[in-house]
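Asker: Sharing a structure below in C-alpha cells format, with a few things to ask.
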Amino acid sequence: MRAFGASRRPMSLATTTLLLCLLFSEGEAQGSSSCACRRDLPSEVLNSELYDAGTGCVYFEEGGVRYCYDAASYGLDVCAAHDESLEPFCAGLFEADFCGREWCYVDDAACAGEAVYESSYFPGFGLWYSYSTCGSVNTFVSWFSDALPRSMTDLVALVESYAISTKSVLEDNYAEVVASLANGDVSCTTLDNACAGCLECAENACWGQEIDALTSNTVLSSFLEDAAAQEEGAVAALACMARFVSPTYLRTAAAEWDDSDRIAYQYFGSQATGALVQWPATAFCDDTYDARPRPWYASAASGPKEVVIVVDVSGSMTTGSRIDLARQAIKTVLGTLTWTDKVNIVLFNSDIVGVYDESGLVEADEATLDAMRAWVDDNVDANGGTNFEVPLRRAYDLLAASRSSSTCSQAILFMTDGEASLSDATVNALVAEAPDVVVFSYKLGAGGDTDPLQRVACATSGLFYPVDDEPSLPGRMAEFYQYFVQLYDDPCRVTWIDYTDAITEANLVAGCAPIFDPVATETTLLGVNCVDLNIVVSPAH
C-alpha cells in the first residue's frame, strides 16, 4: 500500500531509455533473432550535416525548425516507444497511436521475416526501422490476445485518433510553413508530383496499379498547377505540407498496415490547390482530378446537408450547350454528397416539369446517387416558358418535410438562364416560414434581369452567382458546400464515408477531418485529411 505523504515521481522517457540502454549495452541488442535492433547509427548519418557531435543530436528538420533526437539512444539498442512525447508529431494534445508503439532501427539487409521501412525522418541515409521486430502488431490483431471486450466503437475510435492526430500535425505546423516561406526558406518546396512520374512505384496485381508503400506523393495536374500559380506561394506551401504529413502517414502504415494486399489509403486534399497528397505513392494522374468537389472532401468540410437542386429546363436552355451543362451541373453537385446528406431535384419551366421523388428528400447513398444521375439523363430536356415562384415554393415544401427532425444545413440551388417575376411577398413569406434555408441562385449567360435572383439570395443570407462563363457552371454550383464550412467548425469532428475505390473497386470506409488555419482571424479551411479504416482491417471482417 502506498504510504500517505509519500510520493514517487515517474521516470522520464529519457531516464527510462538510459536505463534500458545500460541494461542492454553489454548484451545482445533487442529485436527478433532474425532482425536485431541497431547498436548505433550508420556512418552515412554520423558523417552528414544531420549529426552534431557537440550536442549529441541527430537533427530532423521540418518547416524551418530543427528537432534534436539523442543520437546515442533514439531508435537504438532496445525496443521502446522511442517517439513518445517527442516533437513534432508525438508531443501534442492529439498523439497518434503509433507514438506509444515499440520499435527500433534495424539493418534491412540483415532482416528476414520482419516488416521494415526506410526512415521518413532521415531518408536516403541507410536507416530503416521496424515495429514488428519489437513485437508490435496491428491493433486489430492485438485485440485478439487481450482479455478486454472489443466492439466497432473501439475500431472507430482508433481510426479517428489517427485522423485527428494527422489533423493536429498539419494545423500545428502550418504557421511554421508560412513563416519559413516568408523568410525565403525553400528547403521544403520540392513537390513529389505523381503527374511527373513515380520512379519507385511497382505494379501490384491486387491494387491494379503501380504503388510505392514506402513513401507518399501528390497528385497535382498541370491544369490545377496553372490555376494554383495565380495564388502566390500556394504550390510551395502544398509541397511543405506534403512533407510534414508524410512521416505521419508512413508511421501509421508501418504500425497498422500488415497486409500488402489490403487496399487502403491515407490522403489530404488541399483547399488552395485542389491537389491530393496520398499514401501510398501511386502513378495515378488525371488532368480532371480536383479533390475539392469530391464527396469525402465536401462532406468533411461542411457537415450533413439537405439540398434541393432546382434547374430551369425552359426552351431558352436549348441555346448552345446549356441543357448539357445543366445535366453536368446537377451531376457535379450530386458528386459532392454522401450518405450523411439528403437531396432532391426539381425541374421547371412555366410549371413543375419533374421532381425526382415527390415524397421528399432522399438519402444520398451511392445507389441513390447513381439512380438520380440516370434520372437526370432521362428527364432534363428543354421546352416551355419560365416561372420562378412555383419551383421555389416546391423546393421549400420538400425541405419542410424533414425540418422538424433535422439539424442539417438546408440549401436550395436555383439555376436559370431566363427571366421571371418573383414578388417580395412570396420571398418574405418563404423566409418567414423557414428562416434557416439558404438559397444559392445562378444566372446562366450574360445579360437579362437578375434582380429576382439577387433578392432571394440576399433575403436568405445566400449567394448570387452571375455565370457569364457558361462552361464554369458545374464547378461553380459544386462549390456551394464551402458556404457551410464556417457553420461547422468543430475541431474534433470526424466524418465517416463509405465509398468504392475507382481503380480497384474495393469497398473502403474512411474517417475524414477538416483542416483549418490555426492563426487566421476567421475560419479558414486548409483542406481535408482522411484515413481509411482499411489501414487497420478490411470492413469485411
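The values are calculated or read from the model by the stated rules, or taken from the named source; none is laboratory data. A quick note: this is a predicted structure, and the numbers were derived from the prediction, not measured. FYI the Cβ positions are ideal-geometry reconstructions off the backbone, even for glycines, and counts take in every protein chain you see. Heads up: the accessible areas ignore ligands, DNA and RNA and are worked out on the full protein's heavy atoms, side chains in. Shrake-Rupley method; radii C 1.70, N 1.55, O 1.52, S 1.80 Å.
Asker: Quick one: count up the residues across segment 264-292 that are farther than 14 Å from Val245 by Cβ and either over 12 Å from the mean Cα position of the chain (by Cα) or of a type in the set (Val, Ile, Thr) (or both).
Answerer: 12
Asker: Considering only segment 214-245, how many residues are within 15 Å of the chain's Cα centre (by Cα) and at pLDDT below 90?
Answerer: Residues flagged as within 15 Å of the chain's Cα centre (by Cα) and at pLDDT below 90 within segment 214-245 amount to 1.
Asker: Kindly list the number of the only condition in (1) assigned to a loop (DSSP other than H, G, I, E, B); (2) closer than 17 Å to Gly527 by Cα; (3) among the aliphatic types (A, V, I, L, M) that fails for Val169.
Answerer: So the condition that Val169 fails would be (1).
Asker: Right, something else. Considering only residues that are hydroxyl-bearing (Ser, Thr, Tyr) and open to solvent by less than 70 Å² (accessible area, probe 1.4 Å), which ones fall in segment 434-466?
Answerer: Start the filter on segment 434-466 by keeping residues that are hydroxyl-bearing (Ser, Thr, Tyr), which leaves 441-442, 450, 460-461, 465.
Ser441, Tyr442, Thr450, Thr460, Tyr465 - these are the residues of segment 434-466 that are hydroxyl-bearing (Ser, Thr, Tyr) and open to solvent by less than 70 Å² (accessible area, probe 1.4 Å).
Asker: Ok, one more. May I ask you to list the residues in segment 384-407 that are assigned to a loop (DSSP other than H, G, I, E, B) and either closer than 15 Å to Tyr356 by Cα or modelled with pLDDT under 85 (or both)? Before the answer, list the steps.
Answerer: Quick first cut of segment 384-407, residues assigned to a loop (DSSP other than H, G, I, E, B) only: 384-388, 404-407.
Once the filter is applied, which keeps residues that are assigned to a loop (DSSP other than H, G, I, E, B) and either closer than 15 Å to Tyr356 by Cα or modelled with pLDDT under 85 (or both), segment 384-407 yields Ser404, Ser405, Ser406, Thr407.
Asker: Just to be sure before I move on: is Val219 open to solvent by less than 20 Å² (accessible area, probe 1.4 Å), among the β-branched types (Val, Ile, Thr) and out of contact with any Pro (no Cβ under 8 Å at 6 or more places or on another chain) in the structure I sent? It would help to see each step written out before you state the result.
Answerer: On the way: open to solvent by less than 20 Å² (accessible area, probe 1.4 Å): yes; among the β-branched types (Val, Ile, Thr): yes; out of contact with any Pro (no Cβ under 8 Å at 6 or more places or on another chain): yes.
Judged against the criteria, Val219 is a match.
Asker: Residues of segment 83-113 being open to solvent by 20 Å² or more (accessible area, probe 1.4 Å), modelled with pLDDT under 85 and either in a strand (DSSP E or B) or out of contact with any Phe, Trp or Tyr (no Cβ under 7 Å at 6 or more places or on another chain) (or both), which ones?
Answerer: Result: Ala91, Gly92, Leu93, Phe94, Glu95, Ala112, Gly113.
Asker: Ok, one more. Just to be sure I understand, how many residues within segment 339-375 are β-branched (Val, Ile, Thr) and more than 29 Å from the chain's Cα centre (by Cα)? Write out each step before concluding.
Answerer: Within segment 339-375, the first condition is being β-branched (Val, Ile, Thr), and the residues that meet it are 340, 343, 345-346, 352-353, 355, 362, 368.
Filter once more, so that each one left must be more than 29 Å from the chain's Cα centre (by Cα): 346, 352-353, 355.
Going through segment 339-375 one residue at a time, the tally reaches 4.
Asker: I've got another one for you. Using beta carbons and a limit of 9 Å, which pairs, at least six apart or on different chains, have the first residue in segment 354-370 and assigned to a strand (DSSP E or B) and the second one open to solvent by 50 Å² or more (accessible area, probe 1.4 Å)?
Answerer: Final answer for the pair search is Gly354/Asn379; Val355/Arg394; Val362/Lys342; Val362/Tyr356; Glu363/Trp339; Glu363/Lys342.
Asker: Given the conditions (1) open to solvent by 40 Å² or more (accessible area, probe 1.4 Å); (2) within 30 Å of Glu95 (Cβ to Cβ); (3) touching a residue at least 60 places away in the same chain (Cβ under 8 Å), report the number of the one that Lys167 does not fulfil.
Answerer: Among (1) open to solvent by 40 Å² or more (accessible area, probe 1.4 Å); (2) within 30 Å of Glu95 (Cβ to Cβ); (3) touching a residue at least 60 places away in the same chain (Cβ under 8 Å), the lone unmet condition for Lys167 is (1).
Asker: Further question: Hey, any hits in segment 289-304 for a residue that's on the phi > 0 side of the Ramachandran plot, in contact with a Phe, Trp or Tyr (Cβ under 7 Å, 6 or more places away or on another chain) and surrounded by 22 or more Cβ atoms within 10 Å (Cβ to Cβ)?
Answerer: Keep residues of segment 289-304 that are on the phi > 0 side of the Ramachandran plot, which gives 303.
After this cut, where a residue has to be in contact with a Phe, Trp or Tyr (Cβ under 7 Å, 6 or more places away or on another chain) as well, the list is 303.
Then keep just the ones that are surrounded by 22 or more Cβ atoms within 10 Å (Cβ to Cβ); that gives 303.
Yes, segment 289-304 has at least one match.
Asker: Give the number of residues within segment 393-409 that are closer than 30 Å to Ser321 by Cα and either touching a strand residue (DSSP E or B) at 6+ places or on another chain (Cβ under 7 Å) or open to solvent by 10 Å² or more (accessible area, probe 1.4 Å) (or both). Let's see the steps before the verdict.
Answerer: Here is the first cut: in segment 393-409, the ones closer than 30 Å to Ser321 by Cα are 393-396, 398.
From what is left, the residues that are either touching a strand residue (DSSP E or B) at 6+ places or on another chain (Cβ under 7 Å) or open to solvent by 10 Å² or more (accessible area, probe 1.4 Å) (or both) are 393-395, 398.
Here the count works out to 4.
Asker: Further question on the same structure: Return the total of residues in segment 467-518 being touching a residue at least 12 places away in the same chain (Cβ under 8 Å), assigned to a helix (DSSP H, G or I) and open to solvent by 20 Å² or more (accessible area, probe 1.4 Å). Give the derivation first.
Answerer: Initially, segment 467-518 is screened for residues touching a residue at least 12 places away in the same chain (Cβ under 8 Å), giving 467-468, 470-471, 473-489, 491-501, 503-504, 506-518.
The next check asks that each one be assigned to a helix (DSSP H, G or I); those that pass are 470-471, 473-487.
Okay, now just the ones that are also open to solvent by 20 Å² or more (accessible area, probe 1.4 Å), so 470-471, 475-476, 479, 482-483, 486-487.
Within segment 467-518, residues that are touching a residue at least 12 places away in the same chain (Cβ under 8 Å), assigned to a helix (DSSP H, G or I) and open to solvent by 20 Å² or more (accessible area, probe 1.4 Å) number 9.
Asker: Somewhere in segment 318-334, is a residue within 27 Å of Phe484 (Cβ to Cβ), within 19 Å of the chain's Cα centre (by Cα) and of a type in the set (Gly, Ala, Ser)?
Answerer: no
Asker: From Val277, Val308, grab the single residue that is open to solvent by less than 40 Å² (accessible area, probe 1.4 Å), under 18 Å from Thr189 (Cβ atoms) and in contact with a strand residue (DSSP E or B) (Cβ under 9 Å, 6 or more places away or on another chain).
Answerer: Residue meeting the stated conditions: Val277.
Asker: Still on this structure: Under 8 Å between Cβ atoms, which residue pairs at least 6 apart in sequence (or on different chains) link something in segment 224-251 that is over 17 Å from Gly92 (Cα atoms) with a partner that is among the acidic types (Asp, Glu)?
Answerer: Qualifying pairs under 8 Å: Leu224/Asp290; Val235/Glu225; Ala242/Asp192; Arg243/Glu62.
Asker: So if I check each of Phe268, Phe284, which one is at pLDDT 95 or above and of a type in the set (Phe, Trp, Tyr)? Don't jump to the end; show me each part of the working.
Answerer: On the way: Phe284 fails: at pLDDT 95 or above.
Of the residues listed, the single one that is at pLDDT 95 or above and of a type in the set (Phe, Trp, Tyr) is Phe268.
Asker: Mind telling me which of the residues Leu199, Leu214 ends up being surrounded by fewer than 17 Cβ atoms within 10 Å (Cβ to Cβ), among the hydrophobic types (A, V, I, L, M, F, W, C) and closer than 15 Å to Ala281 by Cα?
Answerer: Values: Leu214 fails: surrounded by fewer than 17 Cβ atoms within 10 Å (Cβ to Cβ).
From the options Leu199, Leu214, the qualifying one is Leu199.
Asker: Quick one: in segment 39-69, which of the residues that are open to solvent by 30 Å² or more (accessible area, probe 1.4 Å) and among the hydrophobic types (A, V, I, L, M, F, W, C) is nearest to Val245 (Cα to Cα)?
Answerer: As a first pass, look at segment 39-69 and keep what is open to solvent by 30 Å² or more (accessible area, probe 1.4 Å): 39-40, 43-44, 46-47, 49-55, 59, 61, 64-66, 68.
Filter once more, so that each one left must be among the hydrophobic types (A, V, I, L, M, F, W, C): 46, 50, 53, 65, 68.
On the way: Leu46: 26, Leu50: 20, Ala53: 29, Val65: 15, Cys68: 19 Å.
If we take residues in segment 39-69 being open to solvent by 30 Å² or more (accessible area, probe 1.4 Å) and among the hydrophobic types (A, V, I, L, M, F, W, C), then Val65 is nearest to Val245 (Cα to Cα).
Asker: I would also like to ask the following. Would you confirm whether any residue within segment 326-335 is part of a loop (DSSP other than H, G, I, E, B), under 26 Å from Thr288 (Cα atoms) and modelled with pLDDT under 95?
Answerer: yes
Asker: Please go through segment 514-532 and pick out each residue that is farther than 15 Å from Thr273 by Cβ and aliphatic (A, V, I, L, M).
Answerer: Those that are farther than 15 Å from Thr273 by Cβ and aliphatic (A, V, I, L, M): Val519, Ala520, Val531.
Asker: Taking the criterion of being open to solvent by less than 20 Å² (accessible area, probe 1.4 Å), within 24 Å of Arg39 (Cβ to Cβ) and not hydroxyl-bearing (Ser, Thr, Tyr), would at least one residue in segment 139-162 satisfy it? Please lay out each step first, then the result.
Answerer: Kept after step one, since they are open to solvent by less than 20 Å² (accessible area, probe 1.4 Å), are these residues of segment 139-162: 139, 155, 158-159, 162.
In the following step, the residues that additionally are within 24 Å of Arg39 (Cβ to Cβ) were identified as none.
There is no residue in segment 139-162 that is open to solvent by less than 20 Å² (accessible area, probe 1.4 Å), within 24 Å of Arg39 (Cβ to Cβ) and not hydroxyl-bearing (Ser, Thr, Tyr).
Asker: Output the residue which, of all residues in segment 410-432 that are small (Gly, Ala, Ser) and open to solvent by less than 30 Å² (accessible area, probe 1.4 Å), is nearest to Ser472 (Cα to Cα). Step through it out loud before you land on a result.
Answerer: Within segment 410-432, the first condition is being small (Gly, Ala, Ser), and the residues that meet it are 411, 418, 420-421, 423, 425, 429, 432.
The next check asks that each one be open to solvent by less than 30 Å² (accessible area, probe 1.4 Å); those that pass are 411, 418, 420.
Numbers: Ala411: 21, Gly418: 18, Ala420: 23 Å.
The extreme case among them is Gly418.
Asker: Restricting to segment 418-461, and then to whatever is closer than 23 Å to Thr336 by Cα and of a type outside the set (A, V, I, L, M, F, W, C), can you tell me which residue is modelled with the lowest pLDDT? So that I can check it myself, show each step before the final result.
Answerer: Of segment 418-461, the ones closer than 23 Å to Thr336 by Cα are 436-444, 457, 460-461.
After this cut, where a residue has to be of a type outside the set (A, V, I, L, M, F, W, C) as well, the list is 436, 441-443, 460-461.
Details: Asp436: 92, Ser441: 96, Tyr442: 96, Lys443: 95, Thr460: 96, Ser461: 95.
By that ranking, first place goes to Asp436.
Asker: Would you point out which residue out of Ile263, Ile323 is under 30 Å from Phe122 (Cβ atoms), among the β-branched types (Val, Ile, Thr) and open to solvent by 10 Å² or more (accessible area, probe 1.4 Å)? Even if it seems obvious, please write down each step before you answer.
Answerer: Details: Ile323 fails: under 30 Å from Phe122 (Cβ atoms).
After ruling out the rest, the residue left standing is Ile263.
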